[in-house]
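Notes to accompany the following structure.
The values are calculated or read from the model by the stated rules, or taken from the named source; none is laboratory data. Only a predicted model underlies this, so the values are computations on that prediction, with no experimental measurement involved. Backbone-built Cβ (ideal geometry, glycine too); neighbour counts: all protein chains shown. Accessible surface areas use protein heavy atoms only, side chains included; no ligands, DNA or RNA. Shrake-Rupley method; radii C 1.70, N 1.55, O 1.52, S 1.80 Å.
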Amino acid sequence: MNTILIARYLQYLRKSHHHTQEELANKLDITRQSVSKWETGAAFPDIGSLLELSRLYGITINDILEPAIPPQRITDFEQITTIPESDLKKILQTISDQFDTDCLAVALMGASPAANSLCAKLLPEIDLAAAQHRIGRVRIERVQEMQAQIVSMINLQAAEQD
């Protein structure tokens with residue numbers, strides 16, 4: 001469970017249903033600050049709030065906790081190489097601000113040399129090779145999980161821009 005992805009998804013759901021934080025807070029009988037904390041990842045909705053959110057948005061609690069972001073831009077991690085470099089650099093910087101470096105390094109462990117060199121080129125301030133060496137071996141499921149989360153973040157950013 002990635003709390004940053006969930007936080008971004010909660011914000012996306014609120015905005016796509018044309019609610020302000022204040023309006024959503026009033027509907028849920030909570031404070032606006034609680035909504036803000038959910039959307040920044042500083043706090044997590046309790047089970048009652050998750051139930052109310054699922055009813056309000058017409059989705060399941062599981063849909064909130066494991067967001068299945070529809071492909072807006074890419075369907076597979078390797079497709080990051082098809083995104084224009086200037087766009088990808090902004091996306092990767094946003095992702096690296098929200099995920100730690102290890103998440104990106106793990107995702108790249110299962111990626112092609114082209115994807116690895118492109119990310120290294122676009123994020124020269126991050127030593128991805130050193131991070132991968134420090135992390136060592138990881139299970140393929142962890143690599144796939146990180147890749148899926150990054151694909152979801154890219155698609156969520158694209159959905160937010162629409």
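For region 25-43, give me each residue that is crowded, with 16+ Cβ neighbours inside 10 Å, of a type outside the set (Gly, Ala, Ser) and within 21 Å of the chain's Cα centre (by Cα).
The answer is Val35, Trp38, Glu39.
Please find, within region 52-65, the residue that is modelled with the lowest pLDDT out of those that are over 12 Å from Arg8 (Cα atoms) and surrounded by 14 or more Cβ atoms within 10 Å (Cβ to Cβ).
If we take residues in region 52-65 being over 12 Å from Arg8 (Cα atoms) and surrounded by 14 or more Cβ atoms within 10 Å (Cβ to Cβ), then Asp63 is modelled with the lowest pLDDT.
Residues being in contact with a Phe, Trp or Tyr (Cβ under 9 Å, 6 or more places away or on another chain) and either farther than 17 Å from Ala159 by Cα or of a type in the set (Lys, Arg) (or both): count how many of those fall in region 15-49.
The number of residues fulfilling the criteria is 5.
If you scan region 1-19, which residues turn out to be closer than 18 Å to Gln149 by Cβ and not hydrophobic (A, V, I, L, M, F, W, C)?
Asn2, Thr3, Arg8, Tyr9, Gln11, Tyr12
When the residues of region 122-162 are narrowed to those that are in a helix (DSSP H, G or I) and charged (D, E, K, R), which ends up most open to solvent (accessible area, probe 1.4 Å)?
Selected residue: Arg134.
If I filter region 4-19 down to residues being among the basic types (Lys, Arg) and open to solvent by less than 40 Å² (accessible area, probe 1.4 Å), which single residue comes out as modelled with the highest pLDDT?
Arg14
Checking Glu22 against (1) in contact with a Lys or Arg (Cβ under 7 Å, 6 or more places away or on another chain); (2) surrounded by 15 or more Cβ atoms within 10 Å (Cβ to Cβ); (3) more than 27 Å from Val151 (Cβ to Cβ), only one condition comes out false. Which one?
Here Glu22 meets the rest and fails (2).
Among the residues of region 66-80, what is the count of those that are surrounded by fewer than 17 Cβ atoms within 10 Å (Cβ to Cβ) and at pLDDT 90 or above?
4
Somewhere in region 101-110, is a residue under 30 Å from Leu28 (Cβ atoms), modelled with pLDDT under 90 and open to solvent by less than 20 Å² (accessible area, probe 1.4 Å)?
No, region 101-110 contains no residue that is under 30 Å from Leu28 (Cβ atoms), modelled with pLDDT under 90 and open to solvent by less than 20 Å² (accessible area, probe 1.4 Å).
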